Every structure is written in C-alpha cells, then in structure tokens.
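The values are calculated or read from the model by the stated rules, or taken from the named source; none is laboratory data. Here the structure is a predicted model, which is why all the values come from computation and not from measurement. Backbone-built Cβ (ideal geometry, glycine too); neighbour counts: all protein chains shown.
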Amino acid sequence: MIKQLPISVDAAHKSDVRTQFAALCYRMKRGEPEVLLITARGSGRWIIPKGWPMDAMTPGECARQEAWEEAGVIGKVFDRALGLFSYQKTIGGAGLPIVAMVYPVRVDSLANDFPEAGQREREWFSPKKAAKQVEEPELARILKGFDPGVLA
C-alpha cells in the first residue's frame, strides 16, 4: 500500500487550486450501506461534503475534516480515492471548474454541534437513492456503485 503524504499549499491561495477533496460518508444498517448527503448552503441541492486542500493534511484527512465541518461526522477515513467528479463552483460571480476526489469515510457517529450546524440539512440514503438525488453524473455513478466491502 502506498502511504499518502500531506500536501503543502503554502505558495498558493486555496482558490487557485482547482482540486477539492470530498467525503462519501457511509454507515451499515441491517447489513446494507447507507450514505449521508447534505444540502448545499446556497442552492439547497443534495451534495457530499467537500472542500479545498489543507496544508499538512493528506487528501483523505481533508475529506474527513470537511465531513466534520459540514455534516458533524465523526469517523474513519480510508486513504484510497473511490473516484472523482467534476462540477462548476461559483466564486465571485464566475464559474470555476472543479475536480473533486472522493474518499470514503465510515461514520461512527454524528455530532449535533459542529461548525456548519443549522446551515445544512443531512439525510441518509441507500447508495442508489443517493445517486438519484445528486446533480453530477460522475458522482451519481460513484454513489450507485459504492460497495464498502472493497475497503476491507
């Protein structure tokens, strides 16, 4: 297994980096996986937690941190990306193309008090139902095909 190294973003402003790290947060219920979706703050559409690279953190650690900040997730991240998806992020009135790498995060618990509590809704879905809720086709494929058995 290749160990991921922390990244350094000292020389760049985080919005200059057009890669984000996303968390596919999941739990097992009655032997079946469920994935956690949250609402976007602006549009209210269903998304997964994601954000910019953070200095001295691996991509997986960044994904886990975003899951905490945006959804109150406490859990274990797996440092193997499940895939990536692209989308447009509006920054300063302009659309910025973003590629988000998706990392699985096994949810041990959900906190009620977390940085973005009250700003987003969160809801559990089967992977197939979650795939129907999101707008990005590549993310929908990742969700629909999600199998936590491959993480062991």
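Only residues that are over 16 Å from the mean Cα position of the chain (by Cα), closer than 18 Å to residue 135 by Cβ and surrounded by 11 or more Cβ atoms within 10 Å (Cβ to Cβ) were counted across segment 87-120, and they come to 1. Taking segment 95-152 as the range and being in a loop (DSSP other than H, G, I, E, B) and small (Gly, Ala, Ser) as the test, the residues that pass are 111, 117, 118, 126, 145, 152. Of all residue pairs spaced 6 or more apart or on separate chains, those with beta-carbon atoms under 8 Å, a first member in segment 55-79 that is at positive phi and a second member that is modelled with pLDDT under 95 and of a type outside the set (Lys, Arg) are 56/6; 56/7; 56/8.
Take the residues in segment 138-152 that are farther than 13 Å from residue 104 by Cβ and in contact (Cβ under 8 Å) with a residue 24 or more places away in the chain, then tell me which one is surrounded by the most Cβ atoms within 10 Å (Cβ to Cβ).
Initial filter on segment 138-152 (farther than 13 Å from residue 104 by Cβ): 138-141, 144.
When the remaining residues are screened for being in contact (Cβ under 8 Å) with a residue 24 or more places away in the chain, the result is 138-139, 141.
Details: 138: 16, 139: 26, 141: 13.
Selected residue: 139.
Could you run through segment 28-87 and say how many residues are among the acidic types (Asp, Glu) and touching a Leu at 6+ places or on another chain (Cβ under 7 Å)?
Initially, segment 28-87 is screened for residues among the acidic types (Asp, Glu), giving 32, 34, 55, 61, 66, 69-70, 79.
Cutting the leftovers down to touching a Leu at 6+ places or on another chain (Cβ under 7 Å) gives us none.
The number of residues fulfilling the criteria is 0.
Specify which of the listed residues (109, 86) is hydroxyl-bearing (Ser, Thr, Tyr), touching a residue at least 24 places away in the same chain (Cβ under 8 Å) and more than 21 Å from residue 142 (Cβ to Cβ). Can you show your working first?
Working: 86 fails: more than 21 Å from residue 142 (Cβ to Cβ).
Of 109, 86, the one residue that is hydroxyl-bearing (Ser, Thr, Tyr), touching a residue at least 24 places away in the same chain (Cβ under 8 Å) and more than 21 Å from residue 142 (Cβ to Cβ) is 109.
For residue 48, the test of being at pLDDT 95 or above, in contact with an Asp or Glu (Cβ under 7 Å, 6 or more places away or on another chain) and under 18 Å from residue 87 (Cβ atoms) is failed. The set of residues from segment 1-44 being touching a Ser or Thr at 6+ places or on another chain (Cβ under 8 Å), at pLDDT 95 or above and under 25 Å from residue 89 (Cα atoms) comprises just one member, 35.
Just so you know, in segment 21-80 the residues that are hydrophobic (A, V, I, L, M, F, W, C) and surrounded by fewer than 16 Cβ atoms within 10 Å (Cβ to Cβ) include one that is farthest from residue 116 (Cα to Cα), and it is 28.
Within segment 20-61, count every residue that is out of contact with any strand residue (DSSP E or B) (no Cβ under 9 Å at 6 or more places or on another chain) and part of a strand (DSSP E or B). Selection size over segment 20-61: 1. Being out of contact with any strand residue (DSSP E or B) (no Cβ under 9 Å at 6 or more places or on another chain), without any contact (Cβ under 8 Å) to a residue 12 or more places away in the chain and within 21 Å of residue 42 (Cα to Cα) is the requirement here; does residue 94 meet it? Yes: the conditions hold for residue 94.
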